[in-house]
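One structure below.
The values are calculated or read from the model by the stated rules, or taken from the named source; none is laboratory data. Note that the coordinates shown come from a computational prediction; the quantities given were computed from them, not determined experimentally. Here the Cβ positions follow ideal geometry from the backbone for every residue, glycine too, while neighbour counts run over all protein chains shown.
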Amino acid sequence: MKDGHRIHVGTSLSRRELVTIHARNIEVPSRDRLIHLQFRRFAGCPVCDLHLQSVVRRHEEIVAAGIQEIAVFHSSTETLKPHADALPFDVIADPGKRLYAEFGVEAAPRALLDPRAWLPVLRGLVHSTLRILRGRQPVPEVRPHGGSLGLPADFLIASDGRVLACKYGAHAFDQWSVDELLALAVGVQRARARWPGLADAR
């Protein structure tokens, strides 16, 4: 898929193997779970950290809903590990932005210039600064690899590779909340119960 060409609901993705920052191989799509594939920005991105902490707090709910969480960053594994080593879900380093290009995930000045991003960015900066001062996270790079204007994106992927839902963010903090993600999973489960023929192919 060419850079800038977005994926849509109903798109069928080919099976692939990704390598996490802990050198663990994972399959996308999963054979027995929904996958939430979310594209973030750079290692230590304050606004990304603010969102991911909400995912961390409710990770057990996400797992219980039958969802495997995967977060992609455009930083190297070496840079990313000090920031993401303790996250309870899979993290992928994509410094070459191969996956970003394949999924049509873009970067643009509106990531930070959109007024809707200003308050979350400020909250993220305050949150990250306090954690850095307390020695709970390292200082991010001043000039992050891949730039600082990335836009987020979310994809919910069925076990047969179909994209069940997706969202391309309009600014840096425009992503699914955990509540929205769980509601999408409930919707999938209800549809399967009502129309068994929608069950994923194995």
Q: Output the residue which, of all residues in the range 22-40 that are charged (D, E, K, R) and not in a strand (DSSP E or B), is surrounded by the most Cβ atoms within 10 Å (Cβ to Cβ).
A: Arg40
Q. Which of (1) acidic (Asp, Glu); (2) over 15 Å from Gln68 (Cα atoms); (3) out of contact with any Gly (no Cβ under 7 Å at 6 or more places or on another chain) does Glu106 not meet, given it meets every other one?
A. (3)
(Q) So Val105 passes all but one of these: (1) surrounded by 19 or more Cβ atoms within 10 Å (Cβ to Cβ); (2) more than 23 Å from His22 (Cα to Cα); (3) of a type outside the set (Gly, Ala, Ser); (4) over 14 Å from the mean Cα position of the chain (by Cα). Which condition number does it fail? (A) (4)
Q: Those residues that are touching a residue at least 40 places away in the same chain (Cβ under 8 Å) and either outside any loop (DSSP other than H, G, I, E, B) or touching a helix residue (DSSP H, G or I) at 6+ places or on another chain (Cβ under 8 Å) (or both), I need them from the range 7-21; list them, please.
A: Ser12, Leu18, Val19, Thr20, Ile21
Q) Given the structure, is Leu198 of a type in the set (A, V, I, L, M, F, W, C) and either at pLDDT 90 or above or touching an Asp or Glu at 6+ places or on another chain (Cβ under 9 Å) (or both)? A) no
**Q.** Identity of the residue in the range 134-190, of a type in the set (A, V, I, L, M, F, W, C) and assigned to a strand (DSSP E or B), that ends up surrounded by the most Cβ atoms within 10 Å (Cβ to Cβ)
**A.** Ile157
**Q.** Single residue of the range 73-102 satisfying the filter (more than 14 Å from the chain's Cα centre (by Cα) and of a type in the set (Lys, Arg)) that is nearest to Ile132 (Cα to Cα)
**A.** Lys81
Q: Please find, within the range 41-57, the residue that is surrounded by the most Cβ atoms within 10 Å (Cβ to Cβ) out of those that are in contact with an Asp or Glu (Cβ under 9 Å, 6 or more places away or on another chain) and assigned to a loop (DSSP other than H, G, I, E, B).
A: Ala43
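Filter the range 58-111 for residues that are part of a helix (DSSP H, G or I) and either β-branched (Val, Ile, Thr) or under 23 Å from Arg6 (Cβ atoms) (or both) and give the result. Step through it out loud before you land on a result.
Our first condition is that a residue be part of a helix (DSSP H, G or I); within the range 58-111, this holds for 59-64, 77-84, 98-102, 110-111.
Hits for the range 58-111 are Ile62, Val63, Thr77, Thr79, Arg98, Leu99, Tyr100, Ala101, Glu102, Arg110, Ala111.
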Q: Just need a number here: residues in the range 158-175 that are in contact (Cβ under 8 Å) with a residue 24 or more places away in the chain and farther than 14 Å from Val47 by Cβ.
A: 10
Q) Could you count how many residues in the range 3-60 are under 11 Å from Ala71 (Cβ atoms) and among the polar types (S, T, N, Q)? A) 2
Q: Confirm whether Ser12 is surrounded by 13 or more Cβ atoms within 10 Å (Cβ to Cβ) and either modelled with pLDDT under 95 or among the polar types (S, T, N, Q) (or both).
A: no
**Q.** Residue list for the range 69-88, filter: touching a residue at least 40 places away in the same chain (Cβ under 8 Å) and either aliphatic (A, V, I, L, M) or within 22 Å of Glu102 (Cβ to Cβ) (or both)
**A.** Ile70, His74, Ser75, Ser76, Thr77, Thr79, Leu80, Ala84
